[in-house]
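What follows is one structure encoded as structure tokens, with my remarks underneath.
The values are calculated or read from the model by the stated rules, or taken from the named source; none is laboratory data. From a predicted model like this one, the values you see are computed outputs, not experimental measurements. Reconstructed Cβ throughout: ideal geometry from the backbone, glycine too, with neighbour counts over all protein chains shown. SASA here: full protein model, heavy atoms, side chains in, ligands and nucleic acids out. Shrake-Rupley method; radii C 1.70, N 1.55, O 1.52, S 1.80 Å.
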Amino acid sequence: MLASTRSWKGQEMNFPLDPLDIHLQDHTEEGRASIYQSVFTNSSKEMMCFPDFPYPDDFPNFMHNRKLQEYITAFCKEKNLLKYIQFKTLVSGINKRPDFSITGQWDVTTERNGKKESAIFDAVLICSGHHVYPHLPKESFPGLKLFKGKCFHSREYKEPGVFKGKRVLVLGLGNSGCDIATELSHTAEQVMISSRSGSWVMSRVWDEGYPWDMLFITRFETFLKNNLPTAISDWWYMKQMNARFKHENYGLMPLNRTLRKEPVFNDELPACILCGIVSVKPNVREFTETSAIFEDGTVFEGIDCVIFATGYSYDYPFIDESIIKNKNNEVTLFKGIFPPKLEKPTMAVIGFVQSLGATIPTVDLQARWAVRVIKGTCTLPSVTDMMDDIDKKRGKKLKWFGTSETVQTDYITYMDELASFIGAKPHIPWLFLTDPKLAVEVFFGPCSPYQFRLVGPGKWPGARNAILTQWDRTLKPMKTRGVGKPQKPCLLCRWVRLFILPVMFIAVFFALI
């Protein structure tokens, strides 16, 4: 059995530079994910760390991509991982060995400096993600072939300087589209966003100025969402989404407002709309040589550039389609990880699911379970049971996230499910009996990654202290000017305030009758 880090070769990530000096490229490369220079994280540091490796106290809560790279490099050094990784290596083929049904082994073909090599692996983890192959639906826009301006996908975007004085249309109201639009609004002459279905827009700064995910992603929130009547749950969800501003007034309201599609995280967009430097328009009906005509009949004239912020397609060109079925943008995987029909469970897809939770703790837990399955210390259900579970989960996803969100999942529910397979799920009732202080933080506080290292294999002795001190690390980088004692949130106060109003209303009602 090869170390799980070695099987990271089973992905298209041909790192171009020395592993300790990887920097942001100013151009895109085929087969590799790409980001723009101004990318910051949408998850806060306490919610996106490796669960046994907290970020340093002085790291900002939401990090620039270079800061995140610094953390990952430190993690690799701490865990002595670099010796297992082959950089500048492209995986061009993964195939079953002739005796796969007995050994579960794979032939892996790689390319390095123009030279092909083949090696036998006992197991493969595919970790290429789903932000590599751009989705460019040009056929959906009549007249686009006539358009004389520039037209490209958002993965090609790097920085705003070259757009000075230009008129830019951004197609898509996702995170990339909104980031690019707001950044360009400071240099371009005019920026418009065209959206087919709208989106909820959230701020990284949540109630009382705390990071959004440390208040929003909690076990108590998940408990209410999963147990309240649908009408009340939907009302509460929309109330939270509209807490910062009324989406109807800004032209952003989603067509199906109760779907739990991934929201957009952008702190600038509402202000840019208020100032008139970004406008939101409906879907484009057709293009002309120099303009776009929207479905409401309005026209954006003199367009210099159209940026397709239209997401990505899922593709695994290095492996036979029969292993990981990709049809109608769906990949059939048990728990989003295991191809269910393999004779031997020696392949796992890591990082394919998407949720409000951060990627790092999600893939950490996925990998922990996958390695135990590959080693044989955990077993998978029968093929029939796995397919039944996939169909059942698909139905739930359609209800919560809509037809376009096939990789979307509920973070805490999913993490608890994976953790239960390896005995790492925290037992909340037992915690309340044995460690009430910790239990309150675990249930009412942020569902931080440390929770999944409290018990079970991979248990980390520092997990309890990390949970009890997570707010200290959150507040530390903001205390650059001392004006008083740092104020931690009262985990129960916001819920008490929520229920006070209906109680007062009922009391007044009975007092008047």
Rg to Rh, two decimals, where the range 41-111 supplies the alpha carbon set and Rh follows Kirkwood:
1.18
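So for the chain: antiparallel DSSP bridges make up what percent, rounded to the nearest 5?
Numbers: 27 of 51 bridges.
The answer is about 55 percent antiparallel.
Local charge sum around F294 (other residues, Cβ-Cβ under 15 Å, Lys/Arg +1, Asp/Glu -1)?
On the way: positive: R167, R196, K281, R285; negative: E286, E295, D296, E301.
Residues close to F294 contribute a combined charge of 0.
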Percentage relative contact order, the range 167-272, counting C-alpha pairs under 8 Å, at least six apart
38 percent
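Which value at 222 nm does the chain reach when only helices count, each DSSP H run of 4 or more adding -39,500 (n - 2.57), with the total divided by all residues and rounded to the nearest 500 deg cm²/dmol? Before the final figure, lay out the partial values.
Working: 15 runs with 157 residues, N = 513.
Value at 222 nm, helices only, nearest 500: -9000 deg cm²/dmol.
Cross-link list K341/K375; K437/K488; K96/K116: which exceed 20 angstrom alpha carbon to alpha carbon? Show your work: numbers first, answer last.
Numbers: K341/K375 18 Å; K437/K488 15 Å; K96/K116 18 Å.
Correct reply: none exceed it.
Relative contact order for the chain using alpha-carbon pairs under 8 Å, separation at least 6, rounded to a whole percent? The partial results should precede the final answer.
On the way: 844 pairs, mean separation 97.9, N = 513.
About 19 percent, as a whole number.
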State which entries of K393/K459; K79/K459; K392/K425; K392/K459; K425/K459 exceed 20 angstrom in Cα-Cα distance in the structure shown.
K393/K459; K392/K425; K392/K459
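If packing is taken as the average number of other Cβ atoms within 10 Å across a peptide's residues, how do 219-228, 103-112 rank, most packed first?
On the way: 219-228: 14.4, 103-112: 17.2.
The most tightly packed comes first, giving 103-112, 219-228.
Among residues other than T182 whose Cβ falls under 12 Å from its Cβ, what is the net charge (Lys/Arg +1, Asp/Glu -1)?
Values: positive: none; negative: D179, E183, D267, E268.
So the environment of T182 carries a net charge of -4.
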Positive-end residue, the chain charge dipole about Cα centroid, Cβ charges, pick of F287, V191, V349:
V349
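Kyte-Doolittle cut-off -1.0, length cut-off 15 Å along the helix's own axis using Cα: show which whole DSSP H helices in the chain pass. Walk me through the intermediate numbers first.
Details: long enough: 65-78 (20 Å, -0.92); 230-241 (16 Å, -0.45); 359-375 (24 Å, 0.31); 383-401 (26 Å, -1.10); 411-422 (17 Å, 0.68); 493-512 (28 Å, 2.03).
Span-like helices, by this rule, are 65-78, 230-241, 359-375, 411-422, 493-512.
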Proximal charge balance of K164 [Cβ under 15 Å; K/R count +1, D/E count -1]
0
At a Cα cut-off below 19 Å, give the lysines reachable from K83, other chains included and same-chain residues fewer than 8 away excluded.
K9
Cα-based Lys pair tally, the range 154-277, threshold under 25 Å, eight or more apart or on separate chains
6
Sequence-distant aspartates and glutamates (8 or more away, or on other chains) whose Cα lies within less than 20 Å of K88:
E12, D18, D21, D26, E29, E30, E70, D107, E111, E117
How big is the dipole moment of the chain about its Cα centre under a simple scheme where the beta carbon of each Lys and Arg is +1, that of each Asp and Glu is -1, and everything else is neutral? Debye, nearest 20, please.
860 debye
For the range 192-255, state what percent of all Cα-Cα pairs lands in each successive 10 Å bin, counting from 0 Å until the bin that includes the largest distance.
18, 44, 33, 5, 0
Any idea what % of Cα-Cα pairs in the chain are farther than 40 Å?
27 percent
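If you count, for each residue, the other Cβ atoms within 10 Å and average over each peptide, how do 461-468, 259-266 line up from highest to lowest? Show your work: numbers first, answer last.
Values: 461-468: 16.8, 259-266: 20.0.
The packing order, highest mean first, is 259-266, 461-468.
Expressed as a whole percentage, what fraction of the accessible surface of the chain belongs to carbon and sulfur atoms when a 1.4 Å probe is rolled over the protein heavy atoms?
55 percent
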Probe 1.4 Å, heavy atoms of protein chains only: per residue, the accessible area of the chain in Å² is 49 Å²
Of 384-393, 478-487, ordering from highest average Cβ density within 10 Å down gives 384-393, 478-487
Using a 7 Å offset from the Cα along the Cα-to-Cβ direction at both F432 and K392, what is the distance between the two label points in nm, to one decimal?
2.6 nm
Heavy atoms only, probe 1.4 angstrom, no DNA, RNA or ligands counted: give me W235, W369, W460 ranked by accessible area, highest first.
W235, W460, W369
